[in-house]
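The values are calculated or read from the model by the stated rules, or taken from the named source; none is laboratory data. Since this is a predicted model, take the numbers as computed values, not measurements. Please note: Cβ atoms are built from the backbone with ideal geometry, for glycine as well, and neighbour counts cover all protein chains shown. These area figures cover heavy atoms from the full protein model, side chains too; ligands, DNA and RNA do not enter into them. Shrake-Rupley method; radii C 1.70, N 1.55, O 1.52, S 1.80 Å.
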Amino acid sequence: MHLSKKPAYPWLLFIFVLVYPLLFFPGTLFGRPPVITPLDNIMASEQFLYLPKLLFLLGVGVLGLLEVRRLIAPSTFLLLISLHLVLAVLSTLNARDSLAFNLLGPSQRFDGILYQAGLFAVGAFAYITLKSAPQHLRSLVIALVLGCSIQSVVLLFQGLGVDPITPLRLWETPNIPLGTLGHPGMAAAYLLPGLLLALWYSLMAEEQRYRHWWFSAALLIATGLGITSNASAFYALIATLVLANILKRSWRLLLLSCLLLLAVLIPRTFSKDTQSYTDTTTFQTRRIIWHIALRAISETPFQPILGGGPDALRLAQLRNPPLDLLFKEYALEFGWPKDAIVKRAYIKEADSANKGLRDRWLAIEFEQFGGSKNVTKEYSFAIDRAHNYILDRWLAYGLISVGIWLVLFLRPIYQSFYLQNCFGWAFIALMIYYLAWFPVMQVEPIHLVLLAAAWARPQPQ
């Protein structure tokens, strides 16, 4: 008697969506440097957070494609993500950077060619899987909501001053909640679609008890989102809920929306370190960074067809610093006193024989600075993202890549206006969020899996 082998790929996809955002290596348990420096924490982040995620992404992508290779058929979604991969590889080579940075990507980003290959593989695997087995769409949402709930619990403990996670992967623990993703803004990007999908299912679930479970998860995720204090996610949630209420005109949705917003705001009542949602300083710095990005785009060879790779913004500043814009950004970012008068600025380089383009920083001499005369300040070229999805894609991979991702996002949103598409709300919120943020390797694969699910979802005839 021969037992038929059940396909493993739906479970592999479920495990990926659940595990990937939570994954890290507890490397600090195995040794400790005698003296902790900022460089030690950067290296710990790369070795214990970014590298495990990259290896897991590549592993799942390869295994997944091997599982579904016989089911591959031409489709618009696969064509679009294939074209993006080609543009990403060519743009990264166009950066005129070293091989290590081309393959792995910039420091603490890890979104080089290897990541782009893994992203494509997981996206293609998810689409083919859900196209051939659409009954697993609900399981995918369960994996996402479950993972977001776990992430929210971690953030809740961190917000209360109990951090069981960060000391396992960093030598020093910051005062702000980081979740398992390394940054509260990235945690917010992960929780936002999970919250809206949980809300959708709490409205659409056939059995009453399931509605309660879905909304309980939504409330927990909303609390986690509030702990991140991310203004982009907060305003994206408000705008999406307002739009959803206008379209559906349901008293139940209105009540649940108010409860979720209340859950987002509750953490601010017991934490003094939360960022103000009305503080405009961040938006002012964003506007300056957008101008720096536009200037960098104009200086990148082969634009608008190709970009300058994932580290294009930093490389453009290192090669030709836009001093007038950098002065404005640093003044806001670092709180220069009103009496600050710049005398001159110049590039400093490391004394090492193996110094490279990244071994540069900016020295600024001030005639006057906070009541003192002849003050010199040194700044690294730390602005590496435009904090706007369109500008970041344009700068990194060219304008064609921008069009690819707009199509990937906008089609499910368009369908949500005339079909019962559970993913529409999530993508509306993400597009608003991305107006002031950028894709990162900790979260982008999950967003791409959701896009693959939306594209693979059967459409009513």
- Please enumerate the residues belonging to the stretch 363-382 that are touching an Asp or Glu at 6+ places or on another chain (Cβ under 7 Å) and within 17 Å of ARG314 (Cα to Cα). ALA363
- Which of (1) among the hydroxyl-bearing types (Ser, Thr, Tyr); (2) out of contact with any Asp or Glu (no Cβ under 8 Å at 6 or more places or on another chain); (3) surrounded by fewer than 21 Cβ atoms within 10 Å (Cβ to Cβ) is the odd one out, the single condition TYR397 does not satisfy? (3)
- Query: Does any residue in the stretch 60-89 that is in contact (Cβ under 8 Å) with a residue 12 or more places away in the chain come within less than 7 Å, Cβ to Cβ, of a residue that is exposed (fewer than 14 other Cβ atoms within 10 Å of the Cβ) and of a type in the set (D, E, K, R) six or more places away or on a different chain, and which pairs are these?
  - Reply: none
- Applying the selection to the stretch 30-55, what residues are open to solvent by 50 Å² or more (accessible area, probe 1.4 Å), outside any loop (DSSP other than H, G, I, E, B) and either farther than 15 Å from HIS183 by Cα or at pLDDT below 90 (or both)? PHE30, PRO38, LEU39, MET43, GLN47, LEU51, LEU55
- When you go through ILE238, ILE227 one by one, which is the residue that is of a type outside the set (Lys, Arg), open to solvent by 10 Å² or more (accessible area, probe 1.4 Å), more than 21 Å from LEU140 (Cα to Cα) and touching a Gly at 6+ places or on another chain (Cβ under 8 Å)? ILE227
- Query: Quick one: how many residues across the stretch 420-446 are in a loop (DSSP other than H, G, I, E, B) and either crowded, with 23+ Cβ neighbours inside 10 Å or of a type outside the set (Val, Ile, Thr) (or both)?
  - Reply: 13
- Task: Return the total of residues in the stretch 179-224 being in a loop (DSSP other than H, G, I, E, B), open to solvent by 10 Å² or more (accessible area, probe 1.4 Å) and closer than 30 Å to ARG109 by Cα.
- Result: 2
- Query: Which of (1) surrounded by 18 or more Cβ atoms within 10 Å (Cβ to Cβ); (2) modelled with pLDDT of 95 or more; (3) not assigned by the TED database to the domain that holds LEU243 is the odd one out, the single condition PHE369 does not satisfy?
  - Reply: (2)
- Identify all residues within the stretch 157-177 that are under 17 Å from LEU23 (Cα atoms), touching a residue at least 24 places away in the same chain (Cβ under 8 Å) and part of a loop (DSSP other than H, G, I, E, B); write none if there are none. ILE165, ARG169, LEU170, PRO177
- Message: It is to be established whether one or more residues within the stretch 306-315 are charged (D, E, K, R), outside the structural domain of LEU225 (by the TED database) and surrounded by fewer than 20 Cβ atoms within 10 Å (Cβ to Cβ).
- Response: no
- Does the stretch 13-29 hold any residues that are β-branched (Val, Ile, Thr) and open to solvent by 40 Å² or more (accessible area, probe 1.4 Å), and which are they? ILE15, VAL19
